[in-house]
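The values are calculated or read from the model by the stated rules, or taken from the named source; none is laboratory data. Model, not experiment: these values are computed from the prediction. We place every Cβ from the backbone using ideal geometry, glycine too, and count neighbours over all the protein chains shown.
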Amino acid sequence: MKYWGLVSFIFVLIQGRGIFLQVEADDGFIRTRGVQLMLDAAPFYANGFNAYWLMYMGADPSMKNKVSSAFQEAKDHGLSMARTWAFSDGGDRPLQYSPGSYNEQMFQGLDFVISEAKKNRIKLVLSFVNNYDQFGGKKQYVNWARNQGQSISSDDEFFTNSVVKEYYKNHIKTVLTRRNSLTGVAYKDEPTIMAWELMNEPRCYADPSGKTIQAWITEMASYVKSIDGNHLLEAGLEGFYGPSSSQKQQYNPNFQVGTDFIANNQIPGIDFATVHSYPDQWITSSSEENQMSFLNNWLYNHIQDAQNILQKPILLAEFGKSLRTSGASQRDQLFDRVYSAIYSSARGGGAAVGGMFWQLFTEGMDSFRDGYEVIFTENPSTASLITEQSQKLNRIRKMYVRLRNIEKLKRARDARRAGAGNGGYNTGN
């Protein structure tokens, strides 16, 4: 058998770590055990994509077919995980008109996204708010508070102002307790949702130490968990090292954003770490060779730190390369490098559990193009890489499932033998 060596290795790993010794409910929710994600008592590895636009399209009757197409195409390429926005604050076609005032049509668009993901067996990571101005973000929350008389000098007071924090908590509660109009299931009870994300790429330039965001994540993680005990939670971090690991700051791009990869992810309510990778944006003046060297170090260090220091799973939650500044072969090289790092970790039972490229489009979305879009029919070489990675990660998952079933059979056999040894009676001792 071609992959028997990997099967044997995983079996040894299972015996050594006791991965399947505890019985878990097969309820469809993803949980963590050590550095692995677990689904129905077996390790879960997934290839995935970003598509921020899903709710926006899902709420438009003339465009919602794009949502269905995207999920179907993703499934056809083996993708089983997607990340998208559960926010649109103020502005054009908002989900939230103003604090506590919601647009039912947009919410029904998100209902549709979740139901389509469910049909295609794709797990979702849903983000609560944006760091940036697009779709409102922290600036919109701060402006809402200013309109209520709050004296706020900086958008970074999103993380500290008590009124703003209450607005944000109210949005969290509204999303978590939303009952899907199509499935009848409350979001907090929906297994299709893999995890919540506190913020897309939180940044606080006003406090480079990372302490402001550390306090905010601690408070908000606790709040999410007080309402929803079913789902995983991540912070939305890009992965920049902070003062808690000053020796690692040499691997950052040459700027600070007020986050701390190690300390922020050590917060108990954060279930797994995330990292984003954009060498073409972060070190724009560097050569292609230097950008790839940066990427190699970036991936290696974060995966090792998740494994050895955080002892939590890590998801490569965003990566990509713009075709406006590079060729398709250069982008494929970046995808291949990211995928190789993930697979190398995953096949050894390591902390890397998957990756989500930025970003999946379907045909007929020309006005949304930003150079990072992947359209399967237009980008066959990239599509081939994506499919291959999906298949490789799925093989690892299937091997774990087979070995889990072997363990179940072994336990059942041992139980029957024990019963026969007791004259057919279970003494309970």
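Listed here are the residues, each with its yes/no results for (1) under 21 Å from Q359 (Cβ atoms); (2) at pLDDT below 95; (3) not aliphatic (A, V, I, L, M).
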{"site": "A263", "(1), (2), (3)": "no, no, no"}
{"site": "I267", "(1), (2), (3)": "no, no, no"}
{"site": "I270", "(1), (2), (3)": "no, no, no"}
{"site": "V275", "(1), (2), (3)": "yes, no, no"}
{"site": "Y278", "(1), (2), (3)": "yes, no, yes"}
{"site": "E289", "(1), (2), (3)": "no, no, yes"}
{"site": "N296", "(1), (2), (3)": "no, no, yes"}
{"site": "I303", "(1), (2), (3)": "no, no, no"}
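Within the range 343-382, work out how many residues are assigned to a helix (DSSP H, G or I), more than 24 Å from W85 (Cβ to Cβ) and not aromatic (F, W, Y). Result for the range 343-382: 5.
Scan the range 237-276 for residues that are among the hydroxyl-bearing types (S, T, Y) and farther than 17 Å from N131 by Cα and jot them down. Result: Y241, S244, S245, S246, Y251. Report whether or not P61 is surrounded by fewer than 14 Cβ atoms within 10 Å (Cβ to Cβ) and at pLDDT 50 or above. The answer is yes for P61. Within the range 363-394, the set of residues being surrounded by 17 or more Cβ atoms within 10 Å (Cβ to Cβ) and within 11 Å of Y45 (Cβ to Cβ) comprises Q389, S390, K392, L393.
Of the candidates Q256, Q250, the single residue that is more than 24 Å from M356 (Cβ to Cβ) and in contact with a Pro (Cβ under 8 Å, 6 or more places away or on another chain) is Q256. For beta carbons closer than 7 Å, sequence separation of 6+ or different chains, a first residue in the range 392-418 that is without any contact (Cβ under 8 Å) to a residue 24 or more places away in the chain and farther than 18 Å from V353 by Cβ and a second that is surrounded by fewer than 16 Cβ atoms within 10 Å (Cβ to Cβ) and of a type in the set (D, E, K, R), there are no qualifying pairs.
F20 meets each of the listed conditions (1) at pLDDT below 95; (2) surrounded by fewer than 21 Cβ atoms within 10 Å (Cβ to Cβ); (3) under 25 Å from the mean Cα position of the chain (by Cα); (4) of a type in the set (F, W, Y) apart from (2).
Considered as a group, the residues in the range 206-222 that are within 17 Å of Y167 (Cβ to Cβ) and over 19 Å from the mean Cα position of the chain (by Cα) include one that is surrounded by the fewest Cβ atoms within 10 Å (Cβ to Cβ), and that residue is E219.
Within the set A383, A328, A346, the sole residue that is farther than 30 Å from I262 by Cα and touching a Phe, Trp or Tyr at 6+ places or on another chain (Cβ under 6 Å) turns out to be A383. With respect to the conditions (1) out of contact with any Ser or Thr (no Cβ under 8 Å at 6 or more places or on another chain); (2) surrounded by 21 or more Cβ atoms within 10 Å (Cβ to Cβ), K75 lacks only one, and its number is (2). In summary, F158 fulfils each of the numbered conditions (1) in a helix (DSSP H, G or I); (2) within 21 Å of T84 (Cβ to Cβ) with the single exception of condition (2).
Within the range 248-271, the set of residues being in a helix (DSSP H, G or I), in contact with a Ser or Thr (Cβ under 6 Å, 6 or more places away or on another chain) and either closer than 23 Å to S293 by Cα or of a type in the set (D, E) (or both) comprises just one member, I262.
What number of residues within the range 25-41 satisfy the criterion of being among the small types (G, A, S) and crowded, with 21+ Cβ neighbours inside 10 Å?
Matching residues across the range 25-41 total 0.
Checked against the criterion of being at pLDDT 95 or above, surrounded by 21 or more Cβ atoms within 10 Å (Cβ to Cβ) and over 13 Å from the mean Cα position of the chain (by Cα), the candidates L323, L360 yield just one match: L360.
Say we look at the range 292-307 and pick out the residues that are crowded, with 20+ Cβ neighbours inside 10 Å and not aliphatic (A, V, I, L, M); which of these is nearest to the chain's Cα centre (by Cα)? If we take residues in the range 292-307 being crowded, with 20+ Cβ neighbours inside 10 Å and not aliphatic (A, V, I, L, M), then H302 is nearest to the chain's Cα centre (by Cα). When residues in the range 132-155 are screened for being surrounded by fewer than 20 Cβ atoms within 10 Å (Cβ to Cβ) and either in a loop (DSSP other than H, G, I, E, B) or under 28 Å from the mean Cα position of the chain (by Cα) (or both), 11 of them pass. In the condition set (1) buried (at least 19 other Cβ atoms within 10 Å of the Cβ); (2) closer than 25 Å to M81 by Cα; (3) aliphatic (A, V, I, L, M), A186 is compliant with all but (1).
Of all residue pairs spaced 6 or more apart or on separate chains, those with beta-carbon atoms under 8 Å, a first member in the range 284-304 that is of a type in the set (S, T, Y) and a second member that is surrounded by fewer than 20 Cβ atoms within 10 Å (Cβ to Cβ) are S286/F294.
Annotation note: Cβ proximity below 8 Å between a residue of the range 92-120 that is in contact (Cβ under 8 Å) with a residue 24 or more places away in the chain and within 23 Å of A82 (Cα to Cα) and a residue that is of a type in the set (D, E) and part of a loop (DSSP other than H, G, I, E, B) (sequence gap 6+ or interchain) occurs for G109/D60; I114/E190; K118/E190. Counting only residues that are under 26 Å from T32 (Cα atoms), without any contact (Cβ under 8 Å) to a residue 24 or more places away in the chain and part of a loop (DSSP other than H, G, I, E, B), the range 177-209 holds 1 of them.
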